[in-house]
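Scroll down for the structure; my scribbles are underneath it.
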Amino acid sequence: MRILLLGAGTSGRMLASRLCLEQHDVVLVDRDPVALEQVESQMDLLTIQGDAADPRVLEEAGIDHTDLVVALTDQESVNILACSLAHISGVPRKVARVSNKAYSGPTGHFDLRELGIDLVINQQHECAKELFNILRIPGAQEAVGLLEDRVLCVGVQIPTDCPLLVGPLKECPYHEILSTIRFVAYTRSGKIKIPRGETAFIIGDIVYLVGEPDKVRSFLNFLMPGETGYGRVVIAGGGQLGLQLARRLEKDSPLSVTLLEADAGRADYCSEELERALVIHGSSLDQDIMRELGINGQTAFVAATGDDENNIMSCLVADKLGAHFTISRVDKTTYQPIIDSLSLVDRVVTPHSSLINAIYHFVRGDSVMGDRILQKIPGEVIDFLVEESHPWLNKRILKIKLPRGCLISMVLRGSKLMVATGELTLQVGDRVLLYGLPKSIRQLQDVLS
Amino acid sequence: MNSRSVFHLVSYLIMFVSLAMGSCALVSWAYGDGLYIILQILSAAGVGLVIGGGTFYFTKGPVRLTRKDGFAIVTFGWLCVGAVGALPYLFTDAIPNPVDALFETISGFTTTGSTILSDIEVLPRGIIFWRSLTQWLGGMGVLLLCVAILPFLGVGGMQIYRAEMPGPSKDRLTPRIGNTAKLLYGVYVLMTAVQTALLMLAGMTFFDAINHTFCTVSTGGFSPYNDSIAAFDSSLIHSIIIVFMVLAGINFALHFQFMRGKLSSYWHSLETKTYLVVMLGATLLVSYNLASFDADGDNAIQFRDALFQVVSITTTTGFATANYDLWPLLSKAIIFILLFSGGCAGSTAGGLKIMRSLVLFKEVFRQIKLYMQPQAVLKVRLDRQTVAPNIVSGIMAFAFCYFMLILAFTLIMTLYLPDFASASSAAISCLSNVGPGFSSLGPTMNYASIADSGKLLLAFCMLLGRLELFTILVMFSPRFWKR
């Protein structure tokens, strides 16, 4: 697939390196020759220096035989214009990043799909979604929403008091509750395995499972009896990410929300936008204010400002004050290994990777509706539609030949969600959730296109 | 430098070259060289495979390459290929002296075409074929072939491509380097097939046709005959070879665009136009000079000889149909100047390259204008595109280096050769990968008389020229070896 990436910022580079690994033909356009030179020395792609919305530049980049355009420059007007130009040139798929929330989604007056832009994406919005999913499942190492958030894929670490520690899964006395979810993969001492009936989990395994959000939550209550959960979320930073998260939390969760914002004007605005949530004007780096917030074991702390160092610092403060769980937004991807090795915060989210997660399925075929790359283990969860001529149509799942390291976990038929069992036969219109290691996904390329 | 990764990739190269060597045993068998020769070639290939396989086994692991490693792979790759490629000559006693065998192999792979053999026709057919095959493999780059074949050479592939591909412009036909390499090789193979067919139609045997084609499209210049192309007294054969030498000296990216249907691709390239004009002008001058020198001669033959020699030298091929060493002084001087020029960037030709000369000329004009009007904002432009100042200074550094190396090697070669003409032409000819020189190294002579140490120096000179100086020169920087 020939993919044209506009903008060599953090997101652009992250996406490019992934696409290069998957052997796609990538052309990267940016105005900054220094950034391009750096990228070119690390990745096998073509770089073109110029303005992303300049027709001559797009022509030079071979727009007429491009399959996908992803516009990720920091100016939304450039992105929208470039995608419209790509539409005129007949590029089949276009994705544009925007920052104004009013653009994203067909809810507003202006539906950008009429300009031929298949997906308008807001990075902060995607990140807020990811944060929301993590917050509503206490104890999860990772939680990603799939099938329009009807299903969650959750990674948890098996604790010492887990009831499943008695023996192999098929001999466990908990069939009832086990049948509500589906295990997709687990990792033990660095190796990824697909769980089978014979599998017996041990303490410390990181297990990934999928299921409906409510069922996943109740299953996790059963799996981790020691996890008490939290009743309150403190968000530091009332920027786009913090505000959207607060709004989502007060709307869709019973958690009580406190929003901390250092800028008086912005705090005022947040307070207008929010109904239940408590808005406090102050800095998350101010120890007194943090102490006054009453952070305790019942509190989850989210640092969502645009300043990585501040975020990590305030998470450390919150941790010291006894927060149950801390999450930090970190934009600089180079910080990730440092944070991991020092275990500074419980969980890190990066708006850039949320964005890539939300658009990655465009790289796959038309029938793929979603593609989430998992963070804690290698592999991805793919959501695809079974169409008329699909090779798996009318086949029992038992009979489908899957490469090693692949598993079909859930099937959505109409509005009915089913745990995939061997006896289930795939029908037209089914949406299938598939987990696979990167290598096995590559082997499935023709099935997924 | 990540030596494990570097030698892991070099091991692929050694194994690949050994397999190519094995294929010569087939030729030997087909043309009845006798069991001894076949077995010797096979054992040379076997030894190569063992060396390559051993290196492969002991360097296994994930391949990680930096920019530096790219240079190291190319330099060591070419050295190893030169050494392993010499085995068939040694094993079959075609060239008993190891230094001679190494010289012949490196001259082959670098597409120089200088030989130490005084009688080529007595060699076994398999060995003659190997000699031509080294040129064909070296023409487009042995490593580029690996980039095309080995899919894991992604990022590293670009470093290799940069280091091995001749000329300052590295047009990428496709975003992925492996595909670009495949396309370039596709053009190369197609040219080879067409020329072989044409030469056979013109009356050559298949063996002669394929050998000459290998040495033409790579601008190498080895011939299975002692008299080179003069062995064929056919204007048709001469013309076919002239056309393909010219084509091999043009940027292959332009060939590719032409085949894609962009028929004006050559016309839009100033470099190609200059290249053709230079050759045409030189031919006219030389044939005029020849006609006035030898009034009794046949003018058509004089023109044909002038054209062939001019094209052969400009494209750095080094085939001969006439002994230009016996020509009048003006013609000799023109040939001497053409030794420097080289073909176009991105072709299989060596030398300074027309593009560099063009950019340097334009820079000179720019400087002259700036002397008169210092406030003027002037750019060096080529084919409607501005050449970035750092590229211009890179080309200046290259040209300076090129001429300095010629001076240095001329100085050294005076220790080995009887007169100044042969010494300086040896240096230029080897650095530009042409082949023949003047006086005692003229088109009818060979390099056998030079002492062993001199041959090694010239072989090094060829490698420097083929890998465009800096790839090898960076290896001499102490910084390169620091961790």
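The values are calculated or read from the model by the stated rules, or taken from the named source; none is laboratory data. Computed from a prediction, not measured in an experiment: that's the story for all the values here. FYI the Cβ positions are ideal-geometry reconstructions off the backbone, even for glycines, and counts take in every protein chain you see.
If you scan the stretch A:209-242, which residues turn out to be hydroxyl-bearing (Ser, Thr, Tyr) and in contact with a Pro (Cβ under 9 Å, 6 or more places away or on another chain)? Explain how you work it out, then say what you get.
Taking the stretch A:209-242 and keeping what is hydroxyl-bearing (Ser, Thr, Tyr), we get A:218, A:228, A:230.
Selection gives A:THR228, A:TYR230.
What are the residues in the stretch A:360-388 that are surrounded by 22 or more Cβ atoms within 10 Å (Cβ to Cβ) and among the β-branched types (Val, Ile, Thr), if any? Passing the criteria: A:VAL381, A:ILE382. Please state which one of A:ASP331, A:ASP371, A:ASP383 is assigned to a loop (DSSP other than H, G, I, E, B), under 16 Å from the mean Cα position of the chain (by Cα) and at pLDDT 85 or above. Within the list A:ASP331, A:ASP371, A:ASP383, the selection yields A:ASP331. For the stretch B:373-393, a residue qualifies if it is surrounded by 12 or more Cβ atoms within 10 Å (Cβ to Cβ) and free of Cβ contacts under 8 Å to residues at least 40 places away in the same chain, and the qualifying residues are B:LEU378, B:LYS379, B:VAL380, B:ARG381, B:VAL387, B:ALA388, B:VAL392. Here B:GLN367 clears all of (1) modelled with pLDDT under 90; (2) over 26 Å from B:GLY437 (Cα atoms) except the condition numbered (1). If you go through the stretch A:25-42 and keep only what is at the interface with chain B (Cβ under 9 Å from one of its Cβ atoms) and either buried (at least 21 other Cβ atoms within 10 Å of the Cβ) or touching a His at 6+ places or on another chain (Cβ under 7 Å) (or both), you end up with A:ASP25, A:VAL26, A:VAL27, A:LEU28.
Quick one: which residue in B:GLY85, B:GLY61 is away from chain A (no Cβ under 14 Å) and modelled with pLDDT of 90 or more?
Values: B:GLY61 fails: modelled with pLDDT of 90 or more.
After applying the criteria, what remains is B:GLY85.
Of all residues in the stretch B:199-218, none satisfies being in contact with a Lys or Arg (Cβ under 6 Å, 6 or more places away or on another chain) and farther than 22 Å from B:ASN446 by Cα.
Looking at A:GLY197, A:GLY226, which one is in contact with a Leu (Cβ under 6 Å, 6 or more places away or on another chain), at pLDDT below 85 and exposed (fewer than 13 other Cβ atoms within 10 Å of the Cβ)?
Details: A:GLY226 fails: in contact with a Leu (Cβ under 6 Å, 6 or more places away or on another chain).
Selected residue: A:GLY197, the only one of A:GLY197, A:GLY226 that is in contact with a Leu (Cβ under 6 Å, 6 or more places away or on another chain), at pLDDT below 85 and exposed (fewer than 13 other Cβ atoms within 10 Å of the Cβ).
Taking the stretch A:163-248 and the strands (runs of 3 or more DSSP E) fully enclosed by it, the elements with 2 or more residues that are out of contact with any Asp or Glu (no Cβ under 6 Å at 6 or more places or on another chain) and within 24 Å of A:ARG276 (Cα to Cα) are at A:232-236. Taking the listed residues A:VAL57, A:VAL70, the one that is more than 29 Å from B:ASN390 (Cα to Cα), among the β-branched types (Val, Ile, Thr), out of contact with any His (no Cβ under 6 Å at 6 or more places or on another chain) and more than 13 Å from chain B (Cβ to nearest Cβ) is A:VAL70, with no other qualifying. Of the set (1) within 14 Å of chain B (Cβ to nearest Cβ); (2) of a type outside the set (D, E, K, R); (3) without any contact (Cβ under 8 Å) to a residue 24 or more places away in the chain, all apply to A:GLN75 but (1).
I'd like to know if the stretch A:181-193 contains one or more residues that are exposed (fewer than 15 other Cβ atoms within 10 Å of the Cβ), under 24 Å from the mean Cα position of the chain (by Cα), under 20 Å from A:ALA420 (Cα atoms) and not hydrophobic (A, V, I, L, M, F, W, C). Yes, the stretch A:181-193 has at least one match. Scanning the stretch B:267-315 for residues that are among the charged types (D, E, K, R) and either assigned to a helix (DSSP H, G or I) or crowded, with 16+ Cβ neighbours inside 10 Å (or both) returns B:GLU271, B:LYS273, B:ARG304, B:ASP305.
A:LYS376 - would you say it is assigned to a loop (DSSP other than H, G, I, E, B) and either assigned by TED's automatic domain parsing to the domain that holds A:VAL144 or closer than 30 Å to A:SER328 by Cβ (or both)?
Values: assigned to a loop (DSSP other than H, G, I, E, B): yes; either assigned by TED's automatic domain parsing to the domain that holds A:VAL144 or closer than 30 Å to A:SER328 by Cβ (or both): yes.
Yes.
Of the residues making up the stretch B:150-191, just one is within 19 Å of the chain's Cα centre (by Cα), within 11 Å of another protein chain (Cβ to nearest Cβ), at pLDDT below 70 and within 15 Å of B:THR66 (Cα to Cα), namely B:ARG162.
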